[in-house]
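The values are calculated or read from the model by the stated rules, or taken from the named source; none is laboratory data. Worth saying up front: this structure is predicted, and the values here are computed from it rather than measured. Virtual Cβ from ideal backbone geometry, glycine too; neighbours counted across all protein chains shown.
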Amino acid sequence: MRGFAFLVLATFAGLFFTATAPRVAAQATVTVGVEPACPYGYYDVAPYACAPVGYYGPEWFVGGVFIGAGPWFHGPDNFRGHVNNRFHPDHGYRGPMPKAGEKADEGKRVDAAHFKGNEERDGRGHVTGGKK
């Protein structure tokens, strides 16, 4: 009987502390900052480093201007664009990387006929599965 009384007392104590606990609203604020000024676009995942020429396909540029990626994406909700992930450091790329603020070399731009995309992305950091 003593064990049952202890169980009842512990249950009421637990309910009391649960009922009187203050409620705190979860709130998260993320400040992204200014969009990187990269000559050929920037990767769509943090730390948003500048991507080399050849990573993004032509559908990522409108009038030669990069439409953005990650938090600065300016394309439509249903956007899908091809990338060549061999130019991503996570896939072993160790070649030259442009710096933010560097000017694009127009002679290096990749046109649609010569682009070799191997992955489709949505501009928000997600692979969408399509192959080119």
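Candidates in segment 90-117 are the residues that are more than 17 Å from residue 39 (Cβ to Cβ) and surrounded by fewer than 13 Cβ atoms within 10 Å (Cβ to Cβ); of these, the one that is modelled with the lowest pLDDT is 112. The set of residues in segment 61-73 being in contact with a strand residue (DSSP E or B) (Cβ under 9 Å, 6 or more places away or on another chain) and in contact (Cβ under 8 Å) with a residue 24 or more places away in the chain consists of 66, 67, 68, 69, 70, 72. Screening 56, 40 for residues that are surrounded by 15 or more Cβ atoms within 10 Å (Cβ to Cβ) and within 16 Å of the chain's Cα centre (by Cα) leaves exactly one candidate, 56. Within segment 31-55, residues that are under 15 Å from residue 93 (Cα atoms) have Cβ atoms under 7 Å from residues that are polar (S, T, N, Q) and surrounded by 21 or more Cβ atoms within 10 Å (Cβ to Cβ) in these pairs: 54/84; 55/84, counting only partners at least 6 apart in sequence or on another chain.
Here is a list: 39, 76, 52. Which entry is of a type outside the set (D, E, K, R), closer than 23 Å to residue 111 by Cα, at pLDDT 90 or above and in contact with a strand residue (DSSP E or B) (Cβ under 9 Å, 6 or more places away or on another chain)? Of 39, 76, 52, the one residue that is of a type outside the set (D, E, K, R), closer than 23 Å to residue 111 by Cα, at pLDDT 90 or above and in contact with a strand residue (DSSP E or B) (Cβ under 9 Å, 6 or more places away or on another chain) is 39. Number of residues in segment 59-79 that are within 17 Å of the chain's Cα centre (by Cα), in a loop (DSSP other than H, G, I, E, B) and not charged (D, E, K, R): the value is 9.
Yes or no, residue by residue, for (1) buried (at least 17 other Cβ atoms within 10 Å of the Cβ); (2) touching a Phe, Trp or Tyr at 6+ places or on another chain (Cβ under 9 Å):
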site: 71; (1), (2): no, yes
site: 75; (1), (2): yes, yes
site: 123; (1), (2): yes, yes
site: 127; (1), (2): no, no
